[in-house]
Amino acid sequence: MDRRTVLRAGAGAGLAAGLWAPVGQAAAARKDADWAGLKKLLGGRLFRPGDRQFWPLNLPANPFYADRVPGGIAYPQTPDDVATAVNWAGENGVKVVPRSGGHNYAGYSTTDGGLLVHLGGMRDVKVNGTTLTVGAGARNADVYAALKDTDLLLPGGRCPDVGVSGLVLGGGIGLATRNLGLTCDSLTGTTAVLADGYTATCHENSNSELFWACRGGAGGNFGINTSYTFRLHRVQGVVTYDLSWDWKDAKSALKALAGLIAESRHRKTLACQFGLRTSGNARVYAQGLYFGPQETLMSLIGRLPRPKSRAVKRAGVWEGMSRFYETSSGDPYASGSIVAKQNLATPVIEQLVDAFSGWKSVTPASRATVSFFAMGGADTALRPTDTAYVHRDATFIVDLATYWSDGDPDQAAAGNKQALQRLYGMLSAPLGTGAYQNFPDPDLQGWQAAYYGRNYAGLQRVKRTVDPDRLFTYPQGIVPAP
Ligand SMILES: Cc1cc2nc3c(=O)[nH]c(=O)nc-3n(C[C@H](O)[C@H](O)[C@H](O)COP(=O)(O)OP(=O)(O)OC[C@H]3O[C@@H](n4cnc5c(N)ncnc54)[C@H](O)[C@@H]3O)c2cc1C
């Protein structure tokens, strides 16, 4: 029986503590760590592998990483609880991993043997005028719910279950990025508990270097953020569009879409995500928001090959956003990303469509997607060094993913990952090796330059100041400057 099988069986049966020693426990926690002491300090809100509440809290969104078993899961209700947990971890030599929405692609909000700080008890969302204050465990869905009857928008992502924490700390792209910038561009302040237990209030004039790092330096690196304050944007209405084409029109549709998106006059008004899917009938789609008159959008759509299906509607901003909510399938997956800095040339599109045409499923449930997020609008208003999010000259962010079924044999993961690597190699040759830190690939070589470019050295300096001993760490975590 492999560890995944043991875990599945154990999770269902209410596995008792201590049946096996989690891999890496020695590195993540001292043997004599006083877990019972932490439970007392947290008023009981500490769950260990024998506890019923432990297993559901431990499951990450990507089941590929479900076999990681923390030594304990803290479930704080307040920033003081967070500080208590962090102080205890420092004193007891236990590594700390925060989790908000648990949607990290590469399982970086999991730990074997360390302390998982699950922020699900801190999901408060408050709106005051055009200011939004969000607790660190809030999901996108909590923000949507608080704003749905207003014309106030936080430019965010598409998945209701993604945590605001992970989203904003790594940048945050979505259907309003070309119009209003990244999620982190609307962040005006955040509070974070640092490795020494100190609570830092961060904004432009207070702990400004840490504030800089919290806008694109990615979660899990500098401490545990406990709340965020955002500036909201008034948007009177949008036009939504959802188009799809048969496979035979894939090349012509993609070429026309790429051409339209590249036109500078639509940079701020035409938001678009388009892509290809192999699942079911292979197809090409384009969907998004238009921030302008419906007639103008219709004339733009008229320049594309005739879609097989087309839905175009005027909507209030949240009604429009809600048409494109997209949740995880629940299947295990592997993923990678490319930050492109030039327009999509015809040969790249042709190669990509040919590669998808020849896609061979490793198992019946195996499938792949490639999604292009159009950039190059309001996201370019800041310079690459103004925030830790460096990709200010991107034209597209490309998300490559492959999925299989949880019931598939272990070789399915390896086979699908190889296929993904081939796709990545094919696309990164012409498009470049930059990558989006919120779509991390654990196998990516040179991730420091790919995710952070010239900002990596600055992030290392912040890390040295706030967490020189790496209480917070993961395989692609920022390493302190020497
Ligand atoms: C289905 C799906 C759709 C997505 N759609 C988009 C999209 O439209 N746009 C986009 O930009 N991204 C998107 N993403 C990527 C998403 O933004 C990132 O995966 C994000 O990091 C997830 O945040 P989380 O809080 O859910 O994840 P978690 O796994 O909880 O956290 C992500 C990282 O941040 C750390 N962290 C969590 N909470 C804190 C905290 N309070 N303080 C410090 N560090 C913390 C974790 O340790 C981990 O390293 C999507 C992901 C999925 C799975």
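The values are calculated or read from the model by the stated rules, or taken from the named source; none is laboratory data. Values in this document were obtained by computation on a predicted structure and should not be read as measured data. Quick reminder, even Gly has a Cβ in these numbers, built from the backbone with ideal geometry, and neighbours come from all protein chains shown.
Across the range 383-407, the number of residues qualifying as crowded, with 19+ Cβ neighbours inside 10 Å and acidic (Asp, Glu) comes to 1. Here the range 196-226 is the region considered, the condition is being touching an Asp or Glu at 6+ places or on another chain (Cβ under 8 Å) and within 12 Å of the ligand (Cβ to nearest atom), and the residue that is nearest to TRP447 (Cα to Cα) is ASN221. Exactly one residue out of GLY320, GLY336, GLY358, GLY330 is free of Cβ contacts under 8 Å to residues at least 24 places away in the same chain and assigned by TED's automatic domain parsing to the domain that holds ASP242, and it is GLY358.
Residue by residue, here is whether (1) under 26 Å from LEU289 (Cα atoms); (2) of a type in the set (Ser, Thr, Tyr); (3) assigned by TED's automatic domain parsing to the domain that holds GLY219 holds:
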| site | (1), (2), (3) |
| --- | --- |
| VAL348 | yes, no, no |
| ALA368 | yes, no, no |
| PHE373 | yes, no, no |
| LEU382 | yes, no, no |
| ALA388 | no, no, no |
| ARG392 | yes, no, no |
| TYR403 | no, yes, no |
| ASP406 | no, no, no |
| ALA414 | no, no, no |
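Which one of LYS313, LYS308, LYS360 is within 30 Å of ALA414 (Cβ to Cβ) and of a type in the set (Lys, Arg)? Every option except LYS360 fails the conditions.
Listed by first and then second residue, the pairs with beta-carbon distance under 6 Å, at least 6 apart or on different chains, first residue in the range 204-228 and more than 21 Å from HIS103 (Cβ to Cβ) and modelled with pLDDT of 95 or more, second away from the ligand (no atom under 13 Å from the Cβ) and part of a strand (DSSP E or B), are PHE211/HIS203.
Each residue in the range 328-359 was checked for being touching a Phe, Trp or Tyr at 6+ places or on another chain (Cβ under 8 Å) and surrounded by 16 or more Cβ atoms within 10 Å (Cβ to Cβ), and 11 of them qualify.
The residues of the range 26-64 that are among the small types (Gly, Ala, Ser), surrounded by fewer than 17 Cβ atoms within 10 Å (Cβ to Cβ) and within 23 Å of GLU91 (Cα to Cα), listed by number, are ALA26, ALA27, ALA36, GLY37, GLY43, GLY44.
If you check GLY166, GLY174, GLY135, GLY170 for being within 14 Å of the ligand (Cβ to nearest atom) and over 27 Å from ILE73 (Cβ atoms), only one passes: GLY174. Say we look at the range 183-192 and pick out the residues that are touching a residue at least 40 places away in the same chain (Cβ under 8 Å) and of a type in the set (A, V, I, L, M, F, W, C); which of these is nearest to the ligand (Cβ to nearest atom)? So the residue we want is CYS184. Checked against the criterion of being out of contact with any helix residue (DSSP H, G or I) (no Cβ under 6 Å at 6 or more places or on another chain), of a type in the set (Gly, Ala, Ser), assigned to a helix (DSSP H, G or I) and in contact (Cβ under 8 Å) with a residue 60 or more places away in the chain, the candidates ALA250, ALA258 yield just one match: ALA258.
Checking each residue in the range 289-311 for being in a loop (DSSP other than H, G, I, E, B) and touching a Ser or Thr at 6+ places or on another chain (Cβ under 7 Å) picks out PHE291, GLY292, PRO305, PRO307, LYS308. Would you check if GLN418 is in a helix (DSSP H, G or I), surrounded by fewer than 20 Cβ atoms within 10 Å (Cβ to Cβ), over 22 Å from the mean Cα position of the chain (by Cα) and free of Cβ contacts under 8 Å to residues at least 40 places away in the same chain? Spelling it out, GLN418 is indeed in a helix (DSSP H, G or I), surrounded by fewer than 20 Cβ atoms within 10 Å (Cβ to Cβ), over 22 Å from the mean Cα position of the chain (by Cα) and free of Cβ contacts under 8 Å to residues at least 40 places away in the same chain. Within the range 340-347, is there a residue that is modelled with pLDDT of 95 or more and within 16 Å of the ligand (Cβ to nearest atom)? Checked the range 340-347: at least one residue is modelled with pLDDT of 95 or more and within 16 Å of the ligand (Cβ to nearest atom). Inspection of the range 429-451 identifies at least one residue that is in a helix (DSSP H, G or I) and in contact with a strand residue (DSSP E or B) (Cβ under 7 Å, 6 or more places away or on another chain).
Flag: LEU180 does not match the condition of being within 12 Å of the ligand (Cβ to nearest atom) and either touching a residue at least 12 places away in the same chain (Cβ under 8 Å) or not assigned by TED's automatic domain parsing to the domain that holds THR385 (or both).
For the range 135-173, residues that are within 15 Å of the chain's Cα centre (by Cα), surrounded by 24 or more Cβ atoms within 10 Å (Cβ to Cβ), at pLDDT 95 or above and in a loop (DSSP other than H, G, I, E, B) total 9.
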